[in-house]
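Peer 1: Below are the structure tokens for one structure; questions will follow.
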Amino acid sequence: MIQVENLKKIYDGNTVLDIQGLEIPIGESFGLVGNNGAGKTTFFSLLLDLIEPTQGFIKNNNVIVNKNEDWKTFTTAFLDDSFLIGYLTCEEYFYFLGELRNQAKQQVDAFLLTYADFFNNEILGKNKFIRDLSKGNQKKVGIIGTLIGNPKVVILDEPFANLDPTTQIRLKKILRNIADTKQTTLLVSSHDLNHTFEISDRIVCFERGRIIKDIDTKQYSFEELTSFFDVVV
Amino acid sequence: MTFKQLANLEWKGMKRKGGMAQSIIMAIGKGYFGLCYLIIMTAMSAGLFKLAEEEGMDPFQGFFKYAVYLWLGDLVIRYFFQKMPTTLVKPLLIQNVRKKTIVNYCLTKSSLSFFNFVNLFMGGALFLVLALDYKVGFGTSFLFALTFTLFLLANNFLVQLLNHVTKFALPFLVVFAAVLALDFFKYVEVTAYTKYFFEALYNYPFLIVAVAAYLIALLVACYRFYFKNLSLDSAVVVKKETYKYYDLNFLNRFGTLAPFLKLDLKLLTRNKRTRMVLMMSAMFLLYGLIFFTVDMYKSNTFFTIVAAIMITGGFMMLFGQYVPSWDSSYYPLMMTQNIPYRTYLESKWLVMVLGTLVSIILASFYLFFGLQTYLIIVAVGFYNIGWNCYLSLITGAFVRSKIDLSSNKNAFGDTKAFNVQTLLLSIPTIAIPMLLYFVLTKLLPFNTAMIVFVAIGLAGILLKKPMFNLIENLYKSQKYKTIKAYK
């Protein structure tokens with residue numbers, strides 16, 4: 001479970017994030033929407049202890065993230081290309097992550113086999129360094145990398161952006177499957193309500209660093225949701 | 001877009017770069033070194049005449065003979081320290097800026113380099129000495145000084161070509177090294193031939209035209225090179241690098257550190273920038289040859305110890321000072337994976353220790369210079385392992401410069417692995433063991449002193465736990481700043 005307590009991030013007097021309280025239960029598929037600059041990435045960065053909260057804290061499965069490193073054992077994330085190591089081949093990158101998460105090479109190989117469709121024959125066995133892949137293919141590698149080793153919490157920032165339509169659909173299926181197991185807490189941000197609606201149990205909307213909507217997706221149709229968010233999204 | 005706007009952009013880029021405070025200290029250090037260099041070079045230009053006189057040569061003949069070393073010194077120092085005129089090219093390419101403007105701007109920027117001012121001072125000193133001390137006619141001395149200055153200034157462009165065009169640099173360096181070696185071991189006295197060149201410049205002032213033509217030719221070559229490479233082609237088109245698979249599984253014995261060791265080995269071998277570090281380390285390994293072969297230094301153990309630090313610590317210094325910056329392009333990944341900070345740092349430490357051990361073993365060819373020499377190298381090597389590896393990690397925590405590992409991707413990249421900053425940070429690394437050595441050998445007989453030296457080094461390894469507590473806390477306190485600086 002992720003608990004946010006009175007969290008604030010202020011840059012030079014500008015409050016970019018201000019969350020009184022937020023709870024994300026274990027196994028929930030959590031969608032985060034909002035315009036540019038709404039604070040989505042800031043929130044994820046705080047959750048990953050990449051930036052320091054000005055006030056308050058986030059608890060990830062009872063670990064206060066900026067006090068203790070233990071959250072790293074069950075959390076994975078892909079925010080941007082700084083989560084990729086350019087001079088490794090894709091396989092080496094996956095094995096490296098596997099080693100960090102106590103997965104043997106064979107386990108990683110078996111895991112990767114299940115995503116052969118998603119990779120569309122452009123990633124595995126190519127002996128190409130990640131830095132030589134196209135942006136979209138790099139993103140695929142990053143996203144799949146987060147799923148190695150059955151993490152309890154997976155954080156993806158704008159996973160759909162820059163992907164081709166076919167891959168977007170495949171990714172939605174993958175994420176929906178994970179969400180349906182109810183074992184992994186999935187946090188996905190997007191500009192696009194369409195994608196978020198299909199994979200999330202719950203959608204929260206940020207605007208200027210505050211939560212302005214918090215909705216259970218099962219209770220509404222997509223049209224109703226659209227009208228809800230029409231004002232801001 | 002004008003020069004002024006480009007300069008403005010650059011100024012903003014510099015002002016808004018992270019780590020201002022430390023760069024001020026660096027600037028002071030750089031200023032000091034710069035001033036020393038300026039004074040030395042100027043004094044040398046004027047002093048060559050006197051030097052020759054003291055050696056019993058005709059002062060003019062002496063100058064003509066040794067002038068080539070002034071030129072060479074200028075070139076070598078420039079090669080290692082002159083910053084290439086990098087500029088923010090990518091976002092400008094599709095804007096309404098003519099390529100010509102960008103290239104001209106870069107070349108203008110390079111011509112404002114500090115080293116060119118040093119050349120002017122050298123030329124000035126030469127002129128004054130000729131005109132005042134040796135009463136050579138005003139016109140002749142001025143023309144010769146000017147010719148000489150132009151010849152030196154050409155280095156400004158020569159060094160840019162040397163830095164960027166591998167095809168050009170490699171044969172140049174090989175031929176150069178060969179000639180120097182021939183001269184050094186007195187097979188051929190090169191200066192006896194280069195003498196005629198400088199003498200001719202003096203005797204036939206009209207040759208200034210030839211020197212000017214040489215300068216212009218290099219300028220044009222630079223211009224053409226930049227102009228041709230001012231596209232993203234080289235960056236965008238995927239150049240498939242041959243990928244080598246090494247079986248690194250033998251490293252698994254290092255347990256939790258193994259994944260990082262393997263990663264660091266790949267880091268070192270697969271990136272232009274880090275390969276440079278390996279190459280430089282190899283050069284450091286040969287550093288002792290200078291000290292052990294020249295008579296002046298041979299018998300002096302003080303120089304032996306300086307050499308020993310460089311021989312065993314080259315890799316440690318070059319690699320260590322950029323921990324964790326080597327990982328800057330994927331630092332957020334490292335910070336969110338299932339890795340305690342300490343394990344990460346320990347693995348970096350281990351890389352340095354292994355590198356130093358390899359250096360010690362490779363340095364065994366110094367046995368040729370006597371057992372004592374090699375023993376000093378081993379003793380200092382252990383000191384490096386024991387203490388300087390920590391020191392490198394500590395200084396590394398404060399060097400937060402984002403490193404573009406694949407900086408070979410466009411012509412404007414800065415591939416320097418060695419700079420003034422490196423030099424400054426190396427001071428405590430070198431000064432402390434030197435002091436220690438000095439004190440120990442003063443107080444104790446040589447062999448005992450060496451044993452104590454090794455013991456102090458080993459004590460450092462035993463103190464790993466408290467040292468790492470310190471380093472870990474230091475790095476943790478810098479964590480957010482570091483992530484921000486790498487953005």
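Peer 1: Being crowded, with 18+ Cβ neighbours inside 10 Å and within 19 Å of B:ILE216 (Cβ to Cβ) is the filter here, so list the residues in region B:95-104 that pass it.
Peer 2: B:VAL103
Peer 1: Might you check whether a residue that is buried (at least 17 other Cβ atoms within 10 Å of the Cβ) and not in a helix (DSSP H, G or I) occurs anywhere in region A:169-180?
Peer 2: Scanning region A:169-180, I find no residue that is buried (at least 17 other Cβ atoms within 10 Å of the Cβ) and not in a helix (DSSP H, G or I), so the answer is no.
Peer 1: Within region B:375-406, can you find the residues that are farther than 20 Å from B:LEU354 by Cβ and modelled with pLDDT of 85 or more?
Peer 2: B:LEU375, B:ILE376, listed by residue number.
Peer 1: Six or more apart or on different chains, Cβ under 7 Å: which pairs go from a residue in region A:186-213 that's in a strand (DSSP E or B) to one that's of a type in the set (Ser, Thr, Tyr) and open to solvent by less than 50 Å² (accessible area, probe 1.4 Å)? Could you list them?
Peer 2: A:LEU186/A:SER29; A:VAL188/A:THR196; A:VAL188/A:SER200; A:SER190/A:THR196; A:ARG202/A:THR217; A:ILE203/A:THR196; A:ILE203/A:THR217
Peer 1: Return a yes/no flag: does region A:11-22 have any residue that is assigned by TED's automatic domain parsing to the domain that holds A:LYS139 and surrounded by fewer than 17 Cβ atoms within 10 Å (Cβ to Cβ). Walk me through it before giving the result.
Peer 2: The first filter runs over region A:11-22 and keeps only residues assigned by TED's automatic domain parsing to the domain that holds A:LYS139, leaving none.
Checked region A:11-22: no residue is assigned by TED's automatic domain parsing to the domain that holds A:LYS139 and surrounded by fewer than 17 Cβ atoms within 10 Å (Cβ to Cβ).
Peer 1: Does A:LEU124 qualify as being more than 9 Å from chain B (Cβ to nearest Cβ) and at pLDDT below 90?
Peer 2: It is true that A:LEU124 is more than 9 Å from chain B (Cβ to nearest Cβ) and at pLDDT below 90.
Peer 1: Return the total of residues in region A:181-200 being open to solvent by 10 Å² or more (accessible area, probe 1.4 Å), over 20 Å from A:LEU47 (Cα atoms) and not polar (S, T, N, Q).
Peer 2: Residues of region A:181-200 that are open to solvent by 10 Å² or more (accessible area, probe 1.4 Å), as a first pass: A:181-184, A:191-195, A:197-198.
With over 20 Å from A:LEU47 (Cα atoms) added as a condition, the list becomes A:181-182, A:192-195, A:197-198.
Cutting the leftovers down to not polar (S, T, N, Q) gives us A:182, A:192-193, A:195, A:197-198.
Residues meeting the conditions: 6.
Peer 1: Still on this structure: Quick one: A:LEU50 ticks every box in (1) assigned to a strand (DSSP E or B); (2) within 14 Å of another protein chain (Cβ to nearest Cβ); (3) of a type in the set (A, V, I, L, M) bar one, so which box is it?
Peer 2: Unmet for A:LEU50, out of (1) assigned to a strand (DSSP E or B); (2) within 14 Å of another protein chain (Cβ to nearest Cβ); (3) of a type in the set (A, V, I, L, M): (1).
Peer 1: Which pairs do you get when a residue that is surrounded by 12 or more Cβ atoms within 10 Å (Cβ to Cβ), found in region B:121-141, comes within reach of a residue that is not in a helix (DSSP H, G or I), reach meaning Cβ atoms under 7 angstrom, with the pair 6+ apart or on two chains?
Peer 2: Final answer for the pair search is B:LEU130/B:VAL136.
Peer 1: Which residue pairs have Cβ atoms closer than 6 Å, lie 6 or more positions apart in sequence or on different chains, and pair a first residue in region A:65-82 that is within 7 Å of chain B (Cβ to nearest Cβ) with a second residue that is in a loop (DSSP other than H, G, I, E, B) and at pLDDT below 90?
Peer 2: If the second residue must be in a loop (DSSP other than H, G, I, E, B) and at pLDDT below 90, the pairs left are A:GLU69/B:PRO340; A:LYS72/B:ASN338; A:THR73/B:ASN338.
Peer 1: What number of residues within region A:84-96 are within 7 Å of another protein chain (Cβ to nearest Cβ) and touching a residue at least 40 places away in the same chain (Cβ under 8 Å)?
Peer 2: 6
Peer 1: Let me ask something else. Please verify whether region B:152-166 includes one or more residues that are over 26 Å from B:GLY34 (Cα atoms) and either surrounded by fewer than 15 Cβ atoms within 10 Å (Cβ to Cβ) or not assigned by TED's automatic domain parsing to the domain that holds B:VAL68 (or both).
Peer 2: yes
Peer 1: Sticking with this structure for a sec: What do you reckon, is A:THR114 among the β-branched types (Val, Ile, Thr), within 10 Å of chain B (Cβ to nearest Cβ) and under 21 Å from the mean Cα position of the chain (by Cα)?
Peer 2: no
Peer 1: From (1) farther than 22 Å from A:ILE148 by Cβ; (2) more than 7 Å from chain B (Cβ to nearest Cβ); (3) outside any strand (DSSP E or B); (4) touching a residue at least 24 places away in the same chain (Cβ under 8 Å), pick out the condition that doesn't hold for A:LYS59.
Peer 2: Failed condition: (3).
Peer 1: Please verify whether B:SER364 is more than 14 Å from chain A (Cβ to nearest Cβ), small (Gly, Ala, Ser) and within 24 Å of the chain's Cα centre (by Cα), treating the condition exactly as stated.
Peer 2: Values: more than 14 Å from chain A (Cβ to nearest Cβ): yes; small (Gly, Ala, Ser): yes; within 24 Å of the chain's Cα centre (by Cα): no.
Taking the combined requirement at face value, the residue does not satisfy it.
Peer 1: Considering every residue within region A:206-220, establish whether at least one is among the acidic types (Asp, Glu) and under 18 Å from A:ASN36 (Cβ atoms).
Peer 2: Yes, because at least one residue in region A:206-220 is among the acidic types (Asp, Glu) and under 18 Å from A:ASN36 (Cβ atoms).
The values are calculated or read from the model by the stated rules, or taken from the named source; none is laboratory data. In this text the structure is predicted, and so the values were computed from the model without any measurement. Counting neighbours? That spans all protein chains shown, and the Cβs are built from the backbone with ideal geometry, glycine included. Only protein heavy atoms, including side chains, enter the accessible area calculation; ligands, DNA and RNA are left aside. Shrake-Rupley method; radii C 1.70, N 1.55, O 1.52, S 1.80 Å.
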